[in-house]
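Inspection log for the structure reproduced underneath, given as structure tokens.
The values are calculated or read from the model by the stated rules, or taken from the named source; none is laboratory data. Keep in mind that this is a model prediction, so the values were computed, not measured. FYI the Cβ positions are ideal-geometry reconstructions off the backbone, even for glycines, and counts take in every protein chain you see.
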């Protein structure tokens, strides 16, 4: 009976792995706007040589990338004056949601999902968190690009 169970587990695993979605090299991808993060992600795709074609028209994409960015500001000392709290506003994020370079350490958490436009199936998802440096946004985008690139099906030689 144990041989049969082992065979059954092996057979089910093989079937599940055979049906795993794969992104083909050269596929077209649209990156959903996310307060400027899409620019960091597009730049990271170029830097990490991700074998996908970025398109500006959502209707021409094979896949759509969505992202969530959470920026945790570092704790700030507060001064109470007349029952209001004053902090150094230059440390807080600027318009667009991202801090100026070198402003405190804090941390950044990012997740991306790649969705097949034809089936609505999520074919890839990745999450990363970075803390302690001034290039957290760029660093998270590069980590996402690197892991997506490793997932993409390479052309057969």
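For the stretch 103-151, the set of residues classified as within 17 Å of residue 66 (Cα to Cα) and assigned to a loop (DSSP other than H, G, I, E, B) consists of 117, 118, 119, 120, 121, listed by residue number. Within the stretch 27-73, how many residues are in a helix (DSSP H, G or I), buried (at least 16 other Cβ atoms within 10 Å of the Cβ) and touching a residue at least 24 places away in the same chain (Cβ under 8 Å)? The qualifying residues number 6.
Among the candidates 69, 123, the residue that is at pLDDT 90 or above, within 20 Å of the chain's Cα centre (by Cα) and closer than 25 Å to residue 24 by Cα is uniquely 123.
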